[in-house]
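Structure, as structure tokens:
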Amino acid sequence: MGRIHQLPMSVVNRIAAGEVVERPASVVKELLENALDAAPTRIDVALEQGGIGLVRVVDDGGGIEAGDLPLAVTAHATSKLRVAEDLERIGTLGFRGEALASIGEVSRLVIRSRTPDGTGATITVDGGKVGEVMPDGCAVGTTIEVHQLFGNVPARRAFLRAAQTEWSHASEAFVRTALAHPGVAFSLSHSSSSADKGRRVHDLPATQAWRTRIADLFGPALGDRLIEVEADDGEVSVHGFVGRPEDDMASTRLQHLFVGGRPFRDRSILHAVQEAYRGLLLSGRQPIVFLSFDLPPDAVDVNVHPAKMEVRFREPSRLYRLVLASLRSRFLAGNVTTRLEPPRIEAPPIQARLPEFAAFAPRATPWESAVPRPADSAAVPVPAPAWERDELRQEVVADERAVQMHDRYIVVESADGIEVIDQHALHERLLYEKFKASVEAGGLEVQPLLVPERLDLDPAALELVEEHAGTLQRAGMRVEPFGGSTVIVTSKPALAGDAPASELVREVLDRLAATSAAGGGAGMLVDEVLHGLACRAAIKAGNRLSQAEVDALVRDRRIVRESHHCPHGRPTSLTLSRQDLDRQFRRT
Ligand code: ADP
Ligand code: MG
């Protein structure tokens, strides 16, 4: 007797469920795809407990015939393709015939549906057990409810994160899908339990204009500022919107790619985008990108990933070139500038902008006149002859000479060589250490705003403000609802100097979104807030500093050196040792 046997269907489904259904967000995605394939005019989504308790998707599409209901929940049963060749030209979002069977295996799945000329019916699948088809007086279209996801699979249930984390993944799945289908109206509501009435988080009317859908999701301010791009190489075309360089983000949250109404991930295309922005963004910053590709069905394979998150292109390099060329030419034509360019006018002295510097009275710098300012000359000070220098060394080192170069680097002579400091990176680290120390000591100085700043937020950001108001306040930012999608900022941390409070809040929300999506705990969230504040409040590359400011930065660098926090972001300095220099000049 052999030891190999055919697995029962329930086990096959359970295995497939592992691939298709990872968390509530995967359920949202699959149900939305099914609804869209039924050609609806609107889709309403309701979640309880981030989707762990319930995911409900209601559409007014073509419905399922009562007699087909048992098949709809059977694995490898689909209305979307018949023969293998159909796989070469998939025109629907679904085609694997697996989602409902998989979901029914690991939850209690209830379907109610009615076609325009049939009668309504319902079917329930409870942990893989398929019930009878019963008549139901529902409207035309389909309502699908998924209750207690993984309720019958404790091992999987244990892998789900807090409701808040699942919610942020699930709403992200909703946003991606709604972005891809502006012609369909969508809504999303969320409640913390079945007792709670819940809140409508998104309400998106149908529109022909993609920009309008983007603005409805992320706020009118963003929508208005996007740059439209469009290009066609004869076979592949791309259309969409990208952000101005100064609207850069800390995360990739606003980078969305679509092909044939399907969101997808693709590192190569995002790399082309990065290339196009090269020199326009500070390193580590992310551009805003919404791009939709159109290509012949046989030039793209969507059947390469169980959850269909990735697709394969026949000629990936073609898309790469198209994206790079279309963005570059748009940037050139549109005269897009960047804040990385040194400002034409002399920046105001930093003491005025950053109170932390005010503490340091400008120090007399004996060598100041001897050291040419970078604006005067590109020359580096001529070092004293070696015999003199050796004698003087102790003293010079104690007093470290520092000079700003190109309005962005500070060069310091140190005991054993030369240190080149990135002024923004160092100041950012310094501010972070100071923020951290004062928050930990409970002594963060808060500056109330004389004129509160108004800020328009998208629903997801509003949600974050509500969720994390306490964290924001600990970091000195008081943010209050002001009706509709508007909030007002009434205070900011004094350490942030004159950085606009609204920019600080935006930056911080951006990072909170990424961190809470990654399941970061309270400590991580506070930390991310402090990093965001430091990044926005720090002097930028391109800011001209006075000698006193340069000295203050250089002196404070010990705070960074002595800190035990692990470095975040870019390095702050690089060192050329005297040995290196001697070797380069063949002195040894
Ligand atoms: P697939 O979408 O890959 O075909 P699913 O398991 O997701 O597989 O769905 C099975 C079938 O159920 C679909 O082929 C479709 O005929 C039907 N169906 C599912 N959801 C809906 C819906 N919202 N409206 C109409 N038909 C649906
Ligand atoms: Mg499907």
Flagged in segment 468-525 as open to solvent by 50 Å² or more (accessible area, probe 1.4 Å), under 21 Å from residue 252 (Cα atoms) and either of a type in the set (S, T, N, Q) or modelled with pLDDT of 85 or more (or both), in numbering order, are 503, 506
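Being within 7 Å of ligand 1 (Cβ to nearest atom) and open to solvent by 40 Å² or more (accessible area, probe 1.4 Å) is the filter here, so list the residues in segment 33-56 that pass it. Give the derivation first.
Taking segment 33-56 as the starting set, the residues that turn out to be within 7 Å of ligand 1 (Cβ to nearest atom) are 33-35, 37-38.
Matches in segment 33-56: 34, 37.
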When you scan segment 71-80, how many residues do you find that are open to solvent by less than 40 Å² (accessible area, probe 1.4 Å) and in a loop (DSSP other than H, G, I, E, B)?
3
Which of the residues belonging to segment 89-140 are farther than 19 Å from residue 43 by Cβ, within 8 Å of ligand 1 (Cβ to nearest atom) and among the aliphatic types (A, V, I, L, M)?
101
Could you tell me whether residue 192 is more than 22 Å from the chain's Cα centre (by Cα) and open to solvent by 40 Å² or more (accessible area, probe 1.4 Å)?
yes
Which condition number in (1) crowded, with 20+ Cβ neighbours inside 10 Å; (2) assigned to a strand (DSSP E or B) is the one that residue 145 fails?
(1)
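Have a look at 92, 119 and point out the one that is out of contact with any helix residue (DSSP H, G or I) (no Cβ under 6 Å at 6 or more places or on another chain), among the hydroxyl-bearing types (Ser, Thr, Tyr) and not in a strand (DSSP E or B).
Values: 92 fails: out of contact with any helix residue (DSSP H, G or I) (no Cβ under 6 Å at 6 or more places or on another chain).
The match here is 119.
Would segment 163-171 turn up any residue that is closer than 30 Å to residue 213 by Cα and within 16 Å of ligand 2 (Cβ to nearest atom)? First the steps, then the outcome.
Just the residues of segment 163-171 that are closer than 30 Å to residue 213 by Cα, to begin with: 163-171.
Add one more test, that the residue is within 16 Å of ligand 2 (Cβ to nearest atom), and what stays is none.
No, that holds for no residue.
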All but one of (1) on the phi > 0 side of the Ramachandran plot; (2) in a strand (DSSP E or B); (3) open to solvent by 10 Å² or more (accessible area, probe 1.4 Å) hold for residue 234, so report the exception by its number.
(2)
Which of the residues spanning segment 281-293 are buried (at least 20 other Cβ atoms within 10 Å of the Cβ) and farther than 18 Å from residue 230 by Cβ?
286
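One residue is enough: does segment 23-32 have a residue meeting the conditions in contact (Cβ under 8 Å) with a residue 40 or more places away in the chain, among the aliphatic types (A, V, I, L, M) and either surrounded by fewer than 19 Cβ atoms within 10 Å (Cβ to Cβ) or part of a loop (DSSP other than H, G, I, E, B) (or both)?
No, every residue in segment 23-32 fails to be in contact (Cβ under 8 Å) with a residue 40 or more places away in the chain, among the aliphatic types (A, V, I, L, M) and either surrounded by fewer than 19 Cβ atoms within 10 Å (Cβ to Cβ) or part of a loop (DSSP other than H, G, I, E, B) (or both).
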Which residues, taken from segment 195-205, are modelled with pLDDT of 95 or more and open to solvent by less than 60 Å² (accessible area, probe 1.4 Å)?
204
Within segment 57-70, can one find any residue that is within 12 Å of ligand 2 (Cβ to nearest atom), surrounded by 20 or more Cβ atoms within 10 Å (Cβ to Cβ) and farther than 15 Å from residue 143 by Cβ?
no
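Please verify whether residue 3 is in a loop (DSSP other than H, G, I, E, B), more than 16 Å from ligand 2 (Cβ to nearest atom) and not assigned by TED's automatic domain parsing to the domain that holds residue 313, treating the condition exactly as stated. Step through it out loud before you land on a result.
Working: in a loop (DSSP other than H, G, I, E, B): yes; more than 16 Å from ligand 2 (Cβ to nearest atom): yes; not assigned by TED's automatic domain parsing to the domain that holds residue 313: yes.
Spelling it out, residue 3 is indeed in a loop (DSSP other than H, G, I, E, B), more than 16 Å from ligand 2 (Cβ to nearest atom) and not assigned by TED's automatic domain parsing to the domain that holds residue 313.
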Looking at (1) open to solvent by 40 Å² or more (accessible area, probe 1.4 Å); (2) in contact with a Ser or Thr (Cβ under 6 Å, 6 or more places away or on another chain); (3) over 30 Å from residue 294 (Cβ atoms), which one does residue 162 not meet, given that it meets all the others?
(2)
Filtering segment 299-319 down to residues that are open to solvent by 30 Å² or more (accessible area, probe 1.4 Å) and in a helix (DSSP H, G or I) yields 316, 317, 318
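Of all residues being free of Cβ contacts under 8 Å to residues at least 60 places away in the same chain and more than 10 Å from ligand 2 (Cβ to nearest atom) in segment 80-93, which is nearest to residue 59 (Cα to Cα)? Just the residue, please. Can you show your working first?
Taking segment 80-93 and keeping what is free of Cβ contacts under 8 Å to residues at least 60 places away in the same chain, we get 80-86, 92.
Still in the list and also more than 10 Å from ligand 2 (Cβ to nearest atom): 81-86.
Values: 81: 22, 82: 25, 83: 28, 84: 29, 85: 30, 86: 26 Å.
Of everything passing the filter in segment 80-93, 81 is nearest to residue 59 (Cα to Cα).
Looking at this structure, is residue 188 farther than 20 Å from residue 466 by Cβ and touching a residue at least 60 places away in the same chain (Cβ under 8 Å)?
Values: farther than 20 Å from residue 466 by Cβ: no; touching a residue at least 60 places away in the same chain (Cβ under 8 Å): yes.
So residue 188 fails the test.
Say we look at segment 420-449 and pick out the residues that are free of Cβ contacts under 8 Å to residues at least 24 places away in the same chain, assigned to a loop (DSSP other than H, G, I, E, B) and of a type outside the set (A, V, I, L, M); which of these is farthest from residue 542 (Cα to Cα)? So that I can check it myself, show each step before the final result.
To start, the set of residues in segment 420-449 that are free of Cβ contacts under 8 Å to residues at least 24 places away in the same chain comprises 437, 440-443.
Filter once more, so that each one left must be assigned to a loop (DSSP other than H, G, I, E, B): 441-443.
Now restrict to residues that are of a type outside the set (A, V, I, L, M): 442-443.
Details: 442: 34, 443: 32 Å.
Per the criteria, the residue is 442.
Quick check: anything in segment 544-551 in a loop (DSSP other than H, G, I, E, B), charged (D, E, K, R) and open to solvent by 40 Å² or more (accessible area, probe 1.4 Å)? Write out each step before concluding.
Looking only at segment 544-551, we keep the residues that are in a loop (DSSP other than H, G, I, E, B), and these are 544-546.
Narrowing the set further to residues that are charged (D, E, K, R) leaves 544.
Keeping just the survivors that are open to solvent by 40 Å² or more (accessible area, probe 1.4 Å) gives 544.
Within segment 544-551, one or more residues are in a loop (DSSP other than H, G, I, E, B), charged (D, E, K, R) and open to solvent by 40 Å² or more (accessible area, probe 1.4 Å).
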Unique match (being more than 16 Å from ligand 2 (Cβ to nearest atom), open to solvent by 30 Å² or more (accessible area, probe 1.4 Å) and under 30 Å from residue 208 (Cα atoms)) among 108, 114, 96
114
Suppose we keep only residues that are more than 10 Å from ligand 2 (Cβ to nearest atom) and part of a helix (DSSP H, G or I) within segment 33-52. Which one would you say is nearest to residue 108 (Cα to Cα)?
51
Residues (surrounded by 12 or more Cβ atoms within 10 Å (Cβ to Cβ) and assigned to a strand (DSSP E or B)) located in segment 572-588
573, 575, 576, 577
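The values are calculated or read from the model by the stated rules, or taken from the named source; none is laboratory data. Treat the numbers as computed from the prediction; the structure is a model and nothing was measured. Here Cβ is always computed from backbone atoms with ideal geometry, including for glycine, and neighbour counts include all displayed protein chains. Only protein heavy atoms, including side chains, enter the accessible area calculation; ligands, DNA and RNA are left aside. Shrake-Rupley method; radii C 1.70, N 1.55, O 1.52, S 1.80 Å.
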